[in-house]
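Asks: One structure follows; several queries about it will come next.
The values are calculated or read from the model by the stated rules, or taken from the named source; none is laboratory data. Keep in mind the model is a prediction, meaning the values are calculated, not measured. We place every Cβ from the backbone using ideal geometry, glycine too, and count neighbours over all the protein chains shown. Quick note on the areas: whole protein, heavy atoms, side chains included, nothing else; ligands and nucleic acids left out. Shrake-Rupley method; radii C 1.70, N 1.55, O 1.52, S 1.80 Å.
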Amino acid sequence: MQIAIVLVTLVVTFVLMAMEVTTPNAVILCALAFLMLIGILSPADALEGFANDGLATIALMYIIAYSIAKSNVITRFFDRVLGNGKSEKRSLLRLLTTVSLFSPFMNNTPIVSTLTPMVQKWCKKKNLSISKFLIPLSYVTILSGLITVIGTSTNLVAQGLLSKYHLQQFGFFDFAVIGIPITIVGILYLVTFGYRMLPNYKNNNVDSVIESPNEYLIEMSVSDDFPYINQTISAAGLRNLDHVFLAAINREGQPLVPVNEDMTLKRADKLYFTGSVNEVNDLLQIPGLLPSTGHIDMEDVTNEHAHIVELSIPDSSALINQTVKSANFRDVYGGVIMAIHRDSAKLSGQIGKINLKAGDDLVAITTNEPEQLDTMKDLHVFNEQLTKVNKKDYKDFLPVLLLVAAIAVSTMGIVDLFVALSVVCVILFFTKCINIKDVTRAVDMNVLLLVASSYGLGLAMSNVGADKFIAKSLTNITGSANPIIYMFLLYFITNFLTAILSNAASLSIMFPIIVSAAKYMNLPVMMLAMLITIAATADFSTPIGYQTNLIVYGPGHYKFTDYFKVGVPLNLICMVICVFVTYYVYVIF
């Protein structure tokens with residue numbers, strides 16, 4: 001009976017996460033609360049994941065990767081790597097091969113979020129297709145991240161699970177036997193067959209707004225007949241219109257952004273509303289507002305203080321399933337949204353009433369400085385018109401040198417990896433490469449909470465024997481004669497769960513199953529642990545399969561189907577290589 005309860009709970013959890021009813025964290029925490037309520041999990045079991053050394057290691061890697069990204073050493077280096085852009089394929093190959101050297105040694109999310117705006121600007125300058133670069137950039141960071149134990153957060157979660165089950169942990173380069181071949185084959189695929197299947201989009205969403213502002217803004221002028229001259233916007237009833245939103249005012253050539261409800265309206269003010277141009281008839285019903293028939297100039301709504309940025313919503317954002325209005329976006333994030341793109345299409349309707357989803361791409365006018373934009377943990381920021389100027393000093397290279405040193409001493413067995421990374425973070429603090437504010441920005445607590453809470457689901461399966469039940473059922477399906485078929489099935493199930501859940505959740509659920517499966521099939525448990533760890537990471541078929549896929553979703557103008565077309569063959573390539581190589585290394589060799 002308890003097995004059935006746990007399995008039904010897992011199925012309901014899968015469905016709710018796939019339907020995006022709320023955030024993944026909330027769904028899993030509700031599942032844990034239910035399992036505690038009926039006695040399958042104790043409070044100590046539910047909280048066990050929060051005391052895991054793998055979780056702490058992930059947090060340390062976030063801090064170190066942030067310090068490297070903050071120094072701009074990556075963008076300076078890759079600006080040279082991309083070259084002159086005369087050959088799109090050659091530039092793509094140079095980008096992917098160089099990224100594959102960085103990604104194994106630092107968290108891939110900062111790499112992609114740092115390089116995406118740089119690649120955007122470079123492609124625009126060279127008149128190349130941005131969509132030919134960003135999906136490959138995301139994919140190669142995932143592939144090459146599988147070369148080392150710190151290359152992805154999933155690898156570190158696996159380390160924590162091995163420790164929890166009192167199993168031998170992976171060595172620093174144990175994943176390389178799989179990671180190197182799939183990275184090489186993956187790069188070759190991405191610059192050949194994958195390249196042909198990628199769409200050909202050149203402009204980013206900010207360019208679209210700047211080049212065709214009349215498609216995104218409605219300009220109205222305040223005439224002498226307007227009855228609310230010298231009265232507030234709130235008194236004029238312009239704050240809560242049904243279909244449009246007052247985004248900016250231009251007064252005597254000076255833009256006023258963002259607009260607040262207490263601002264006074266003056267004669268000859270130009271008012272700029274966001275919304276569909278089809279809604280202009282609603283504005284025409286307001287006495288004293290006259291429509292503009294000319295071309296809107298974006299300089300009328302932007303200046304040295306108010307600039308346009310492109311924002312992307314990550315899968316851990318608190319904005320998911322909120323409307324723009326309920327999130328109080330204008331006040332909390334200091335900007336006005338001009339357009340929302342989803343699945344490469346501009347969403348219609350009143351912007352304030354649109355429910356935001358993970359991967360949505362927003363074009364906004366903001367008065368925030370780059371330093372303020374960096375603090376937006378619920379958003380990835382691209383296309384900053386105001387750039388920071390960093391002087392070259394030791395802080396540019398110290399984080400990289402310290403990370404290399406930490407990897408070296410831990411690989412040689414001198415100190416534990418967690419200890420080495422802790423020392424690196426302490427040195428970074430003392431040398432002022434990072435500060436306390438940087439830590440709050442760098443460490444994604446939503447991801448850590450998801451990882452920690454996911455442990456409890458796997459533990460619930462172990463407590464009632466559901467892991468043994470599933471492992472035995474899979475054995476009955478495949479038979480015990482050929483373990484290769486069983487390995488393919490385990491890989492496929494894990495990879496499928498990753499596509500609808502998260503890396504940490506799918507790995508945590510599958511881990512107790514493979515521990516039992518290793519006994520039933522008489523296979524090395526380390527082989528199966530490596531198999532499902534790679535399967536939980538190497539999902540390329542959806543933008544939600546991995547966080548870096550979601551980062552490039554909006555900026556690349558991608559559709560959901562673009563990931564499916566390019567990613568499914570890469571999924572299959574990784575599965576075949578992983579199954580046969582792991583079997584050869586752990587069983588035959």
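Asks: For the chain, report the accessible area per residue in Å² (1.4 Å probe, heavy atoms, rounded to an integer).
Replies: Counting only protein heavy atoms, the per-residue value for the chain is 40 Å².
Asks: Sticking with this structure for a sec: With point charges of +1 on the Cβ of Lys and Arg and -1 on the Cβ of Asp and Glu, referenced to the Cα centre of the chain, which listed residue (I38, S312, L115) lies farthest in the positive direction of the dipole?
Replies: Projecting each Cα onto the dipole axis, the largest value belongs to L115.
Asks: Just how large is the dipole of the stretch 66-105 about the Cα centre, in debye to the nearest 20, putting +1 at every Lys and Arg Cβ and -1 at every Asp and Glu Cβ?
Replies: Working: 7 positive and 2 negative charges, 23 e Å.
Using Cβ point charges on Lys, Arg, Asp and Glu, the stretch 66-105 gives about 120 debye.
Asks: Work out the length of the dipole vector of the chain about its Cα centre, built from +1 on the beta-carbon of each Lys and Arg and -1 on the beta-carbon of each Asp and Glu, and round it to the nearest 20 debye.
Replies: Details: 39 positive and 43 negative charges, 358 e Å.
Dipole size: approximately 1720 debye.
Asks: Would you give the gap between the C-alpha center of the stretch 552-576 and the C-alpha center of the stretch 302-322, rounded to a whole Å?
Replies: 24
Asks: Grab every C-alpha pair in the stretch 1-76, bin the distances at 10 angstrom width from 0 up to the longest one, and report whole percents.
Replies: Pairs per bin, as whole percents: 16, 30, 28, 16, 8, 2.
Asks: Keeping the other protein chains in place, figure out the carbon and sulfur percent of the accessible area of the stretch 224-333, with a 1.4 Å probe.
Replies: Details: 2370 of 5310 Å².
Result for the stretch 224-333: 45 percent of the exposed heavy-atom area is carbon or sulfur.
Asks: Taking the stretch 50-199, how much of its Cα-Cα pair set, in percent, is spaced more than 20 angstrom apart? Display every interim value, and only then the final one.
Replies: On the way: 5644 of 11175 pairs.
It works out to 51 percent of all Cα pairs.
Asks: While we're looking at this one, here's another question. As I understand it, the value is the acute angle between the Cα axis of helix 153-164 and the longest principal axis of the Cα atoms of the chain; what does it come to in degrees, rounded to 10?
Replies: Relative to the chain, helix 153-164 is tipped by roughly 40 degrees.
Asks: Just tell me which lysines come within less than 21 Å, Cα to Cα, of K70; anything on the same chain fewer than 8 places away is out.
Replies: Candidates past the 8-residue exclusion: K121, K377, K388, K391, K392, K395, K432, K437.
Asks: Go ahead and run the numbers for FRET between T323 and K432, Cβ-Cβ distance against an R0 of 45 Å, rounding to 0.05. Walk me through the numbers before you get to the answer.
Replies: Values: r = 41 Å, r/R0 = 0.91.
The calculated FRET efficiency here is 0.65.
Asks: Taking N as the number of residues in the chain, what is its Cα Rg relative to 2.2 N^0.38 Å? Before the final figure, lay out the partial values.
Replies: On the way: Rg = 25.8 Å, N = 589, 2.2 N^0.38 = 24.8 Å.
Scaled against compact globular proteins, the figure is 1.04.
Asks: Once amide H atoms are placed 1.01 Å from N in the peptide plane, what residues at a sequence separation of 5 or more from A247, or on another chain, have their amide H within under 5 Å of its amide H?
Replies: The answer is Y272, F273, T274.
Asks: Also: Points 7 angstrom from Cα along the Cβ direction at S42 and F564: gap in nanometres?
Replies: Result for the modelled spin labels: 4.7 nm.
Asks: Just to confirm my numbers, what's the Cα centroid distance between the stretch 43-60 and the stretch 181-238 in Å?
Replies: 41
Asks: If you don't mind, another one. Can you find, among F273, T537, N368, the residue farthest towards the positive end of the dipole of the chain? Put +1 on the C-beta of Lys and Arg, -1 on that of Asp and Glu.
Replies: Value computed over the given set: T537.
Asks: In whole Hz, what ³J(HN,Hα) sequence does the stretch 235-247 give by Karplus (6.51, -1.76, 1.60; θ = phi - 60°), x for Gly and Pro?
Replies: 5, 7, x, 9, 7, 10, 6, 5, 10, 10, 9, 6, 9
Asks: Under a plain spin-label model, where a point goes 7 Å from the Cα along Cα-to-Cβ, how far apart in nm are D262 and A4?
Replies: Output for this residue pair reads 6.2 nm.
Asks: To continue, here is another question. Charges only on Cβ, +1 for Lys and Arg, -1 for Asp and Glu: so what's the dipole of the stretch 395-475 about the Cα centre, in debye to the nearest 20?
Replies: On the way: 6 positive and 5 negative charges, 19 e Å.
Computed about the Cα centre, the dipole is about 100 debye.
Asks: Residue by residue through the stretch 430-436, what is 3J(HN,Hα) from phi via Karplus (6.51 cos²θ - 1.76 cosθ + 1.60, θ = phi - 60°)? Round to whole Hz and write x for glycine and proline.
Replies: 5, 8, 6, 6, 9, 9, 4
Asks: Here's a follow-up. Choose one of I187, F173, Y201: the residue whose Cα lies farthest towards the positive end of the charge dipole of the stretch 159-284 (beta-carbon charges +1 Lys, Arg; -1 Asp, Glu; about the Cα centre).
Replies: Working it through, the farthest residue towards the positive pole turns out to be F173.
Asks: Select from the stretch 80-120 those trypsin sites (Lys or Arg not before Pro) which occupy a DSSP coil region and have at most 16 other Cβ atoms within 10 Å, ordered by residue number. All intermediate terms of the calculation are to be shown ahead of the outcome.
Replies: Working: sites: R80, K86, K89, R90, R94; in loops: K86.
Filter output for the stretch 80-120: K86.
Asks: How would the stretch 153-224 be classified by its alpha-carbon gyration tensor: rounded, prolate or oblate, with rounded meaning a/c under 1.5 and the a/b versus b/c comparison settling the rest? Could the numbers behind the result be given before it?
Replies: Values: a/c = 7.21, a/b = 2.16, b/c = 3.34.
Oblate, since a/c reaches 1.5 and b/c is not below a/b.
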